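Here's the structure, in structure tokens; my notes come after.
Each reported figure results from applying straightforward, stated rules to the coordinates on display, with no laboratory input. In this text, all values refer to a predicted model and were calculated from it rather than measured experimentally. Quick reminder, even Gly has a Cβ in these numbers, built from the backbone with ideal geometry, and neighbours come from all protein chains shown.
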Amino acid sequence: MDGKEITDVLSNVKDSYFNKDLITLGYIKGMSIGDKELRFTLRLPAPLMTNHEELAQKCREALKDVEGLESIEIKKDWEVQRLPSLDAPNTPQALRNVKNIIAIASGKGGVGKSTVTVCIAEAFANAGAKVGVLDIDVYGPSIPNMVGLGSHQLGGAQEGVLEPVEAHGMKIMSMGFLATKDTPVVWRGPIASQLVQQFLGAVDWGELDYLFVDMPPGTGDIQLTLSQSVPLTGAVIVTTPQEIAHTIAEKGLRMFQQVKIPILGIVENMAGFTPPGSEEIFHIFGEGGGTSAAEEFDLPLLGQIPIRQDLREAMDNGKVFTNDNIDSIASLIAVEAMAVVTNEELSPFAPQEINLANDGETLVIKWQDNVEHVISAFNVRFMCPCAHCVDEITGEKLVKETDIPPDVKITESVPVGRYGVRFSFTDPSPGAGAGIYTFSFLRKLGEDAATNAAFDA
């Protein structure tokens, strides 16, 4: 009996969540082989995963025929993996120790998005994860009341750093801590977006396994700012059973798809009501909206949360609420998030490297499939996709080649979320630096440049 024999046996044991063996997934840690005995730790990549004991039993079953092995001791724990793209240079310093950022979104208000955010976050915290909640619903922040901090006001920032407030084992930051309940927020979209940028860059979150972001409803400036400022592990869409909510939720789903943010699944809130002392379910808000959206977009329906008086009372009074249903939803979110983390590096959209050569005259991109493209700075600038340079309705180019300095250079490339890049140019014209070049757009630009180079040769 040796380590290779044990490893070979365990390489045949698969995790049904990810359909990969335990060795490939790196679940087996601290293996120790003694006289007729084996010890190791079965370390899963997320809390709330329900298959710990199942995998341990599979290991014991697989190892029972190993000659000379009489005793097997398996310890069970977990350690959350970090989303690789959060290591990008443009990630705010305050988020350097955050492993995953998950947005909780909805197409319209009033679907219980904040309630779902708090319940899910509390389920993770109760499981032992380090959890933060960022409430960027600047026009209707409700998280403070739900966690018993409705009257809390933040003091001044120390050296530009905001300290989150702790409640229920979670770190909380909200617009509600900055404005009184009697003061309406009447900011325009760009100002609200600047606040989001400040929250992302100035809040001292410390070490977190998960940062849950309670988004405003809809698909406006704030949602795009978040999507472009940091790589999100994924988004959870909250809807209700009624058909109109399903229709509006589709807009949020399509927005996240456009900016290349994985959608972890759909939660259907207010899914029926059962009066006390009765077993009959009344579908007050209709039936099947979440299921329809999940089927249409080929997404998991993470769960359904019924209308419950005890849940409403807990949120109104700032108390913890959890049950097996909430834990089940949180468990599926954990699994879906880790699936994204595990496979992100294989994404065909993201380049391996983006470099500036010849003092910014040339852009060099190396892709995941090792294809390398060389594009002139002039061509990158001329093909800018922003509204200054391209008519959004007709697609007609508004900028002419003669409008661009022939010696234009790229001075900086800054990643935008997980789907694109924004460039700065020496060109002072209005369109310079305004466009977001998606990875797919850059790939096409590089292929065209390669074709033209071959033709010219």
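Explain nothing, just the number: relative contact order of the chain, from Cα pairs under 8 Å at least 6 residues apart, as a whole percent.
On the way: 877 pairs, mean separation 64.0, N = 457.
Here the relative contact order equals 14 percent.
Enumerate cysteines in the chain without a disulfide-compatible partner, where compatibility requires another Cys Cβ under 4.7 angstrom.
59, 119, 386
When the convex hull of the C-alpha atoms of region 3-78 is computed, what volume per residue in Å³ does it have?
Taking the convex hull of the Cα positions in region 3-78, it is 78 Å³ per residue.
What whole-number volume per residue, in cubic angstrom, does the convex hull of the C-alpha atoms of region 353-456 give? List each step's numbers first, then the result.
Values: hull volume 11.6 nm³, N = 104.
Taking the convex hull of the Cα positions in region 353-456, it is 111 Å³ per residue.
Which value in Å is the Kirkwood Rh of region 290-416 over different Cα pairs?
On the way: mean 1/r = 0.0499 Å⁻¹.
With all distinct Cα pairs of region 290-416 included, I get 20.0 Å.
Mind pulling up the Rg/Rh value for region 1-139? Radius of gyration and Kirkwood radius, both on Cα. Mind showing how you got there, number by number?
On the way: Rg = 19.9 Å, Rh = 18.0 Å.
Looking at region 1-139, the ratio lands at 1.11.
Within region 389-418, list the GluC sites (Glu not before Pro) lying in a DSSP loop whose Cβ has at most 11 other Cβ atoms in a 10 Å radius. Before the final figure, lay out each step's value.
On the way: sites: 392, 396, 401, 412; in loops: 392, 396.
Sites meeting the loop and neighbour criteria: 392, 396.
Would you list the membrane-span-like helices of the chain, meaning whole DSSP H runs whose alpha-carbon atoms span at least 15 Å along their axis and whose mean Kyte-Doolittle value is at least 0.5? Could you put the intermediate results ahead of the total?
Working: long enough: 52-63 (17 Å, -0.99); 113-126 (20 Å, 0.75); 189-202 (19 Å, 0.64); 243-258 (23 Å, -0.35); 324-343 (29 Å, 0.96); 439-456 (25 Å, -0.06).
Going by DSSP H runs, the hits are 113-126, 189-202, 324-343.
Using only C-alpha positions, report the orientation-averaged shadow area of the convex hull of the chain, nm², one decimal.
For the chain, averaging the hull's shadow over all directions gives 28.7 nm².
Give the lysines reachable from residue 99 as a straight Cα distance under 18 Å; neighbours fewer than 8 places away on the same chain don't count.
Excluding near neighbours in sequence, the set is 130, 171.
What's the longest piece of the chain with no exposed trypsin sites (Lys or Arg not before Pro), counting a site as exposed if DSSP puts it in a loop and it has at most 16 other beta carbons within 10 Å?
Details: sites that count: 36, 64, 82, 96, 181, 188, 308, 319, 400.
Longest run free of exposed loop sites: 189-307.
In percent, how large is the relative contact order of region 353-456, given Cα pairs closer than 8 Å and 6 or more residues apart? Intermediate values should be presented prior to the final figure.
Working: 157 pairs, mean separation 24.9, N = 104.
For region 353-456, the relative contact order is 24 percent.
Could you work out [θ]222 nm for the chain from helices alone, using -39500 (n - 2.57) per DSSP H run of at least four and dividing by all its residues? Round to the nearest 500 deg cm²/dmol.
Working: 13 runs with 141 residues, N = 457.
The per-residue figure over the chain is -9500 deg cm²/dmol.
What's log10 of I(q)/I(0) for region 270-335 at q = 0.17, 0.22, 0.28, 0.29 Å⁻¹, Debye sum over Cα points only, no solvent?
Debye intensities relative to I(0), on a log10 scale: -0.76, -1.10, -1.21, -1.21.
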